[in-house]
Each structure stands twice: as C-alpha cells, then as structure tokens.
Amino acid sequence: MSCQNGINGKSQKPQTQNLDTTKVSRYTVDQQLNGLLDSLRYCYVRNIKNSEDRLLEFYKKKPEDFKEDSLVYYTAVTSFFNADSTILKKILVFQGDSSRCGWIYSPKPYSSIAREWEGHFNKEMGSKVLIYAYLMGACGNDKNIPNDPDLIEEIFNKIQLTDFSHWLDAHQTLNKMELCRKFKEEKL
C-alpha cells in the first residue's frame, strides 16, 4: 500500500465511476483501508475553498481535478468512518513505517509556521491520526480526519502504537461506540 504512487510508481487516481456511497459499508475492511489510503492522498482538497480558488495553481491542479479529487477524497472518508472496528487492527500494520505519507496532512502553502515533523510526516504518524479520528468519530464527534497541526501533534504524543495494539486486543469484543468511550477513559 502506498499513499503516493500506484502500480510501477506512477501516480494513479482511484476509480470513482459507478461508486454508490449507499453501499460503502458493504466493502470489506481491506477494500476500505486500501481505497482510503489511496484516496486520502487527495487531502489537499481540504485547503481549497472551491474550484475557482487560486491555490489550485500551487497544487498544480485544474478546477476539474479539484472536483474529481474532492469526490474521491470525501467518499473514502465516508467509507472509513462506516467501517467496522476491525479496520483499527489493519491500520496498525504501519507501526514503525517511516516512509513518507500524504494521507492526512497537506501543509497550507502560504503558512508561515512550520513544525519540525511536517518535513517528515510518515505513515506511522498518519496511522495514529487515523486511529484517533476513527474512535472520536464513533463517539459522535465530526467524522473527518484532523488536519490541524496542533491536534496532530497532540495525537502523536498521546497514542503509542505498541500500547494501543495491546489495548485494542484487550477490548476486541467492544463495538465502535464502546471502544471510543473506553479510549477516552483510559487513553486520553
């Protein structure tokens, strides 16, 4: 799985044709995770207001690209939050993975503030953000993936994947809502 490149290292856009979002929850966990990770590389859309935004030039995108990328990104996010909690185990595969990740964080191009971690945002960091977002979404919070640098940094400090893996094993019989409540009580 790569968050940057498709087969043979070439960037490929996930297919969106015939995508029925009412059937999102019918995908298997592996399909959801693979599709999510491939599609989250379009997270730049969160930095753009609309298809006429001048920032499109910075991302080397056309208005048509933005519209299509937005559909792909937000469909993947919906799929992720509709997944059952076994997706958390799948995300743990990125423990220790220091390769570059574009799933979560797309720096704002004209921001004057840059944090040290922004230059080497990796898949392990991205997996922590996904875990946090999934669990908080299960408790009724907004179902979106955080891109606020302050919150991302806080998540890095609160979630250790080895500990989380053991915690998840101990609570594997709980549903998403129960996992969220336990997580808030014991980990936050």
(message) Yes or no: segment 125-148 includes at least one residue that is in contact (Cβ under 8 Å) with a residue 12 or more places away in the chain and over 20 Å from PHE81 (Cα atoms).
(response) no
(message) Need pairs with beta-carbon distance below 8 Å; first residue in contact (Cβ under 8 Å) with a residue 40 or more places away in the chain and closer than 18 Å to ASP169 by Cβ and within segment 78-94, second surrounded by fewer than 22 Cβ atoms within 10 Å (Cβ to Cβ) and of a type in the set (Lys, Arg); sequence gap 6+ or separate chains.
(response) ASP84/LYS176; SER85/LYS176
(request) Hey, can you tell me all the residues within segment 40-75 that are open to solvent by less than 20 Å² (accessible area, probe 1.4 Å) and either of a type in the set (D, E, K, R) or under 20 Å from GLU124 (Cβ atoms) (or both)? (result) LEU40, CYS43, ASP69
(request) Looking only at segment 86-97, decide whether some residue is under 16 Å from the mean Cα position of the chain (by Cα), under 21 Å from VAL45 (Cβ atoms) and at pLDDT below 95. (result) no
(request) Could you please let me know if THR173 is touching a residue at least 60 places away in the same chain (Cβ under 8 Å) and of a type in the set (Ser, Thr, Tyr)? (result) no
(request) Name every residue in segment 147-180 that is surrounded by fewer than 15 Cβ atoms within 10 Å (Cβ to Cβ) and basic (Lys, Arg), in order of residue number. (result) LYS158
(request) May I ask you to list the residues in segment 110-133 that are over 16 Å from ASN157 (Cβ atoms) and surrounded by fewer than 22 Cβ atoms within 10 Å (Cβ to Cβ)? (result) TYR110, SER111, SER112, ILE113, ALA114, GLY119, HIS120
(message) I'm checking my understanding of the structure. Among residues of segment 153-188 that are outside any loop (DSSP other than H, G, I, E, B), modelled with pLDDT under 90 and of a type outside the set (D, E, K, R), which one is farthest from PHE94 (Cα to Cα)?
(response) ASN157
(request) From the list PHE81, PHE66, pick out the single residue that is modelled with pLDDT of 90 or more, within 15 Å of VAL45 (Cβ to Cβ) and either among the aromatic types (Phe, Trp, Tyr) or assigned to a helix (DSSP H, G or I) (or both). (result) PHE66
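The values are calculated or read from the model by the stated rules, or taken from the named source; none is laboratory data. Bear in mind the structure is a predicted one, so any value in this text is a computation, not a measurement. When we count neighbours, we look across all protein chains shown, and the Cβ atoms used for this are built from the backbone with ideal geometry, even at glycine. Just the protein is used for accessible areas: all its heavy atoms, side chains included, with ligands, DNA and RNA removed. Shrake-Rupley method; radii C 1.70, N 1.55, O 1.52, S 1.80 Å.
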